[in-house]
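Bear in mind these aren't lab numbers, they're just calculated from the coordinates by the rules spelled out. What you see is a predicted model, and the numbers here were worked out from it, not measured in a lab. Note that we place each Cβ from the backbone using ideal geometry, even for glycine, and neighbour counts take in every protein chain shown.
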């Protein structure tokens with residue numbers, strides 16, 4: 001059974017992820033080589049930076065699934081690697097959107113430890 005609400009929510013989150021990647025200057029205008037995109041390693045970690053994998057594989061593949069009303073993955077956890085890869089304050093919103101996608105697809109709450117880093121930084125700045 002197709003869940004139109006989940007599809008529309010996912011499209012919204014994918015657009016939001018694109019926006020946040022661009023805002024954090026992690027969006028690329030140049031597509032990686034075909035060979036780089038064919039990596040068999042998780043997240044193409046041997047050929048792509050995580051932001052490239054998000055842009056050219058993750059967003060693309062999920063968009064195709066939605067467009068064709070195909071089953072969406074349920075066992076997904078991209079936010080832990082995003083938290084490890086994106087350390088700058090300007091990149092924390094990217095992790096947040098990825099966590100929202102993880103929650104939407106898996107149905108599981110994602111612990112958001114990076115949010116405490118933002119709160120600590122803000123408190124130190126205010127003090």
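Percent relative contact order of the chain, based on C-alpha pairs within less than 8 angstrom and at least six residues apart? Walk me through the numbers on the way to the answer.
Working: 97 pairs, mean separation 33.5, N = 127.
Relative CO of the chain lands at 26 percent.
In degrees from 0 to 90, rounded to the nearest 10, what is the angle of the helix 4-23 Cα long axis to the longest principal axis of the chain?
So the helix axis and the longest Cα principal axis differ by about 50 degrees.
Taking the C-alpha atoms of the chain, how large are the radius of gyration and the largest Cα-Cα span, Dmax, in Å?
15.4, 53
What FRET efficiency comes out for residue 40 versus residue 106 if R0 is 35 angstrom and r is the Cβ-Cβ distance? Round to the nearest 0.05.
Once rounded, the FRET efficiency stands at 0.90.
Relative to the longest principal axis of the C-alpha atoms of the chain, give the angle of the C-alpha long axis of helix 114-126, reported between 0 and 90° and rounded to the nearest 10°.
That helix lies at roughly 30 degrees to the long axis.
Between the helical axis of 92-106 and the dominant principal axis of the chain, each derived from Cα atoms, what acute angle in degrees is found, rounded to the nearest 10?
Relative to the chain, helix 92-106 is tipped by roughly 40 degrees.
Can you grab the distance from the C-alpha centre of region 1-32 to the C-alpha centre of region 51-70, Å, no decimals?
For region 1-32 versus region 51-70, the Cα centre distance is 8 Å.
Add -39500 (n - 2.57) for each DSSP H run of 4 or more in the chain, then divide by its residues: what number comes out at 222 nm, to the nearest 500 deg cm²/dmol?
Numbers: 7 runs with 72 residues, N = 127.
Helix contribution divided over all residues of the chain: -17000 deg cm²/dmol.
So, in nm, how far is label residue 63 from label residue 27 when the simple model puts each one 7 Å beyond its Cα toward the Cβ?
For residue 63 paired with residue 27, the spin-label model returns 1.1 nm.
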